[in-house]
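Since the structure comes first, as structure tokens, the remarks are kept for the end.
Readers should treat all values here as calculations from the given coordinates under stated rules, not as data from a laboratory. Everything numeric here is computed off the predicted structure, so don't read it as measured data. FYI the Cβ positions are ideal-geometry reconstructions off the backbone, even for glycines, and counts take in every protein chain you see.
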Amino acid sequence: VGLGLPRRLATELTLQTVYGAATMLRETGEHPVVLRENVTSPAGTTAAALRVLEDHKVRAAFLSALEAARNRSIELAGG
């Protein structure tokens, strides 16, 4: 939406991308890294996006978020 796509189209593209990736993972049984490597052309759009995500340390942010959720879950469970 922020890049000019209509909200409905942006939502549908997102849903189809996530659904397609999940389906491929389930059907092939391959590790997610293998799927990413198989669909990423070295000079393509996915590679460009992945470089930006790595530059902004998105992986580290996701891991920190997961750790925070786990820790809070333990607190809520009284542990």
* Asked: Can you tell me which residues in segment 1-48 are surrounded by 12 or more Cβ atoms within 10 Å (Cβ to Cβ) and outside any helix (DSSP H, G or I)?
  -> 5, 30, 40
* Asked: How many residues does segment 12-66 hold that are closer than 25 Å to residue 1 by Cβ and of a type in the set (Asp, Glu)?
  -> 3
